[in-house]
Amino acid sequence: MDSSNDNAAVASAADIARRARWSVDQVTALLELPFNDLIHRAHGVHREHFDPNAVQLSTLLSIKTGGCPEDCGYCPQAARYHTGVDNEDMLAVDAVVVAARAAKDKGATRFCMGAAWRGPKQRDLERVIDMVKAVRALGLETCATLGMLKQGQAEQLKAAGLDYYNHNLDTAPEFYGKIVTTRTQDDRLDTLGKVRAAGIHVCCGGIVGMGETRRTRAALIAQFANLDPYPESVPINNLVQVAGTPLHGAAQLDLFEFVRTIACARITMPEAMVRLSAGRQEMPDGIQALCFFAGANSIFYGDKLLTTGNPETERDRALMDKLGIYPMPGEARGERREAENR
Ligand code: SAM
Ligand code: DTB
Ligand code: SF4
């Protein structure tokens with residue numbers, strides 16, 4: 001067999017792995033494994049596909065804060081909840097560039113711009129497009145999370161050079177209506193389809209710790225894993241409880257269950273970047289280390305998420321040094337993925 005045939009064989013094996021379907025029962029069975037068996041299996045999958053000591057660093061910036069018309073029960077930016085988050089106008093492009101440059105100087109390779117919108121108006125999208133172009137010109141990967149997209153908007157973002165669009169499914173279909181009523185999960189899937197069709201990489205994750213059952217967590221992971229193809233980035237957030245939101249006071253998730261959720265994401269989506277996302281500020285270093293062992297290979301890096309706190313960069317650097325973890329080079333990853341997609 002010549003080498004081109006070898007490559008074809010490898011590509012089709014990877015395709016098959018990417019398309020494997022997961023039932024909720026199968027993911028529930030994973031979540032129920034003895035902890036050591038589960039994280040050992042997840043770590044094995046992680047090692048097969050990634051450098052186990054490299055972690056990708058993404059920095060978030062809220063480019064339009066507060067005043068959102070939606071009713072997401074977890075979110076401090078929903079206008080209807082009194083959370084102390086002030087409404088702010090959309091940032092100017094220059095201010096975004098200053099923040100992006102600072103993130104790059106601290107070692108981030110991806111910059112994610114978030115807006116508290118149900119979806120962007122065309123006038124607003126035009127400014128986001130200028131932001132994407134300017135951030136990309138700094139040599140950073142770009143990501144935006146702007147809510148639901150209308151026909152043609154994903155194409156405009158792609159043309160501007162947007163690398164990733166974040167749009168979370170947040171929780172499993174059967175629980176979604178208890179958390180959000182101003183849109184359906186099908187609305188989310190519709191936007192994800194538009195993003196995919198425009199050729200933008202998909203970042204799609206969820207939140208745990210919202211009072212859901214283990215089976216609901218399994219159903220959410222199965223839902224990501226069964227997207228065809230599954231997302232390139234999967235942020236797993238532990239609910240950050242904010243006073244004034246309906247979910248403030250929800251029972252805290254046992255953090256070993258959080259680690260188990262990460263492990264299931266890694267096993268079911270072997271080639272995805274699994275991001276240990278919101279909730280790290282309250283998370284002991286030992287739990288974070290277990291998450292990295294279980295297959296998390298990306299974090300939000302920088303003192304703030306959108307409106308709530310994240311560990312100081314010094315704490316993250318110290319943890320990475322202690323664990324022998326180093327930042328994953330951004331461009332190299334991009335090149336590898338481009339090669340995979342050919
Ligand atoms: N408005 C857009 C949307 O909803 O897609 C973009 C911004 S929204 C804040 C992005 C994501 O942040 C949500 O989908 C949710 O997963 C996450 N998020 C919001 N509040 C959170 C909280 N308190 N704890 C954890 N994650 C949260
Ligand atoms: C994601 O999954 N988590 C990030 C990012 N994608 C946009 C947002 C977390 C927000 C936490 C609450 C806040 O800071 O407002
Ligand atoms: Fe608005 Fe997004 Fe917050 Fe929901 S999660 S209230 S859509 S900013």
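The values are calculated or read from the model by the stated rules, or taken from the named source; none is laboratory data. Please read these numbers as outputs of a predicted model, since none were measured by experiment. Ideal geometry is used to build each Cβ from the backbone, glycine not excepted, and the neighbour counts take in all protein chains shown. Only protein heavy atoms, including side chains, enter the accessible area calculation; ligands, DNA and RNA are left aside. Shrake-Rupley method; radii C 1.70, N 1.55, O 1.52, S 1.80 Å.
Working ranking of peptides 61-67, 196-202 by packing, defined as the average number of other Cβ atoms within 10 Å per residue, highest first, is 61-67, 196-202.
Based on every Cα atom in the chain, Rg and the maximum pairwise Cα distance Dmax equal 19.1, 66 Å.
The Cα-based radius of gyration and maximum Cα-Cα distance (Dmax) for region 144-218 are 13.5, 41 Å.
Tell me the carbon and sulfur percent of the accessible area for the chain, rounded to whole percent, probe radius 1.4 Å. It would help to have the intermediate numbers written out before the result.
Details: 7660 of 14490 Å².
Summing carbon and sulfur atoms, their accessible area is 53 percent of the total for the chain.
Note on the chain: with charges restricted to the Cβ of Lys and Arg (+1) and Asp and Glu (-1), its dipole about the Cα centre is near 320 debye.
Each residue of region 64-215 gets 127 Å³ once the volume of the Cα convex hull is shared out per residue. Pairs of Lys residues in the chain, spaced 8 or more positions apart or belonging to different chains, with C-alpha separations under 12 angstrom: 4 in total.
The dipole here belongs to region 108-250: it is taken about the Cα centre, uses +1 on the Cβ of Lys and Arg and -1 on the Cβ of Asp and Glu, and is about 180 debye.
Using only the alpha carbon atoms of region 181-238, find the Kirkwood hydrodynamic radius as the inverse mean reciprocal pair distance, in angstroms to one decimal.
Radius from the Kirkwood sum: 12.3 Å.
Distances longer than 18 Å among the Cα atoms of region 248-307: what percent of all pairs is that? For region 248-307, the share of Cα pairs beyond 18 Å comes to 35 percent.
Checking Cβ-Cβ separations below 4.7 Å across the chain identifies 68, 203, 204, 264, 291 as cysteines lacking any candidate disulfide partner. Considering only 179, 327, 56, the residue lying farthest towards the positive end of the dipole of the chain is 179, judged by Cα position with unit charges set on Cβ.
Per residue, how much accessible area does the chain show when a 1.4 Å probe rolls over the protein heavy atoms, in square angstrom?
42
For region 257-272, putting each phi into the Karplus relation 6.51 cos²θ - 1.76 cosθ + 1.60 with θ = phi - 60° gives couplings of 5, 4, 4, 4, 5, 4, 4, 5, 4, 5, 5, 7, 9, x, 9, 7 Hz, in residue order, rounded to whole numbers and with x for Gly and Pro. Ellipticity at 222 nm from helices only: DSSP H runs of n ≥ 4 in the chain, each -39500 (n - 2.57), divided by the residue count, give -14000 deg cm²/dmol. Here the 3J(HN,Hα) profile of region 180-196, calculated from phi with Karplus coefficients 6.51, -1.76 and 1.60 at θ = phi - 60°, is 9, 10, 7, 7, 10, 5, 4, 4, 5, 4, 4, 5, 4, x, 5, 5, 4 Hz, Gly and Pro shown as x. With viscosity 1.002 mPa s and temperature 20 °C, the Kirkwood radius over alpha carbon pairs of region 25-91 converts through Stokes-Einstein to a diffusion coefficient of 133 µm²/s.
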